[in-house]
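Trainee: First the structure, then my questions, so here it is.
The values are calculated or read from the model by the stated rules, or taken from the named source; none is laboratory data. Everything numeric in this text was worked out from a predicted model, so none of it was measured. Please note: Cβ atoms are built from the backbone with ideal geometry, for glycine as well, and neighbour counts cover all protein chains shown.
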Amino acid sequence: MIDLTGRIALVTGASRGIGRAIATRLAAQGATVVAAARAQNAADTVSAITSSGGKAEVASADVSDAAAVDALVGGTLERHGRIDILVNNAGIAKDQLMLRMKRDDWDQVIATNLTAAFALTQAVLKPMIRQKGGRIVCISSVVGQSGNAGQANYAASKAGLIGFAKAVAQEVASRNITVNVVAPGLIETDMTRAITDNAREDWAARIPLKRLGTPEDIAAAVCFLASDEAAYITGQVLAVNGGMYM
């Protein structure tokens, strides 16, 4: 059984969907979770965790802002003295066909989905090196592997996370720090719930397991990669997509 007792886990984008499920699962396995999101939006996540007997706290941060990232990591270290697990989950989408895409929509998606992961990872590496170990998990997407029309910015950011994680994994492996990626497929979240029933059925029919994934499916994969059971796994992409992209 996975035991994360005593570990400090920083999860970005923890207010809902996949991020909330990840925070909840890590806490259920014993970790103390710092649930980061914009403007205290992770308060409901923390309340759910603590009411179930878990340990969690809210951290308000816009991860696309470098100063906010420094404050987030610095504050976590001041309160807990260490960071054992970083989950780079925060992400946004601003879909548009390439010919119509505004530069600002490109910049915002890259800043939130990719540059924030760079800033957060860089900020936690020194304390992880001092404590002689750590786990970093980046949440990519099947779109980062396959591409998708109308999502050039999103696909680029998610593909970038894969290359980023593989490069950093090579740099820090000797320090007992692993860096891996989870690439979700089509997951039941607020965004996919806006899809019509017919469209959902059509998508499900294309997936070998014949269903959309759940945030808990992703959380289970992240929890494994954050655990001692995954100590010999680094620089890898774990696709959790029901066979959607093989």
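Trainee: Within the set of pairs 6 or more residues apart or between chains, which connect a residue that is closer than 25 Å to residue 165 by Cα inside the stretch 85-107 to a residue that is at pLDDT below 95 and not in a strand (DSSP E or B) with Cβ atoms less than 8 Å apart?
Mentor: Within 8 Å, the pairs are 93/191.
So that you can scan it fast, the table gives a plain yes or no per residue for (1) touching a Phe, Trp or Tyr at 6+ places or on another chain (Cβ under 8 Å); (2) part of a loop (DSSP other than H, G, I, E, B); (3) surrounded by 24 or more Cβ atoms within 10 Å (Cβ to Cβ); (4) touching a residue at least 24 places away in the same chain (Cβ under 8 Å):
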| residue | (1), (2), (3), (4) |
| --- | --- |
| 6 | no, yes, no, yes |
| 10 | no, no, yes, yes |
| 50 | no, no, no, no |
| 56 | no, no, yes, yes |
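Trainee: Considering each residue of the stretch 12-48, count those that are hydroxyl-bearing (Ser, Thr, Tyr), surrounded by fewer than 17 Cβ atoms within 10 Å (Cβ to Cβ) and part of a loop (DSSP other than H, G, I, E, B), and give that number.
Mentor: Of the residues in the stretch 12-48, 0 are hydroxyl-bearing (Ser, Thr, Tyr), surrounded by fewer than 17 Cβ atoms within 10 Å (Cβ to Cβ) and part of a loop (DSSP other than H, G, I, E, B).
Table: residues versus (1) under 12 Å from the mean Cα position of the chain (by Cα); (2) of a type in the set (A, V, I, L, M, F, W, C).
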{"site": "6", "(1), (2)": "no, no"}
{"site": "13", "(1), (2)": "yes, no"}
{"site": "24", "(1), (2)": "no, no"}
{"site": "33", "(1), (2)": "no, yes"}
{"site": "56", "(1), (2)": "no, yes"}
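Trainee: Under the condition of being over 20 Å from residue 191 (Cβ atoms) and in contact with an Asp or Glu (Cβ under 7 Å, 6 or more places away or on another chain), which residue from the stretch 93-135 is surrounded by the fewest Cβ atoms within 10 Å (Cβ to Cβ)?
Mentor: 123
Trainee: Also, I was wondering about something else. So which helices (runs of 4 or more DSSP H) are wholly in the stretch 138-246 and hold at least 3 residues that are aliphatic (A, V, I, L, M)?
Mentor: 152-172, 197-206, 215-225
Trainee: Which of the residues spanning the stretch 217-233 are farther than 30 Å from residue 201 by Cβ and surrounded by fewer than 21 Cβ atoms within 10 Å (Cβ to Cβ)?
Mentor: Correct list: 224, 227, 228, 229, 230, 231, 232, 233.
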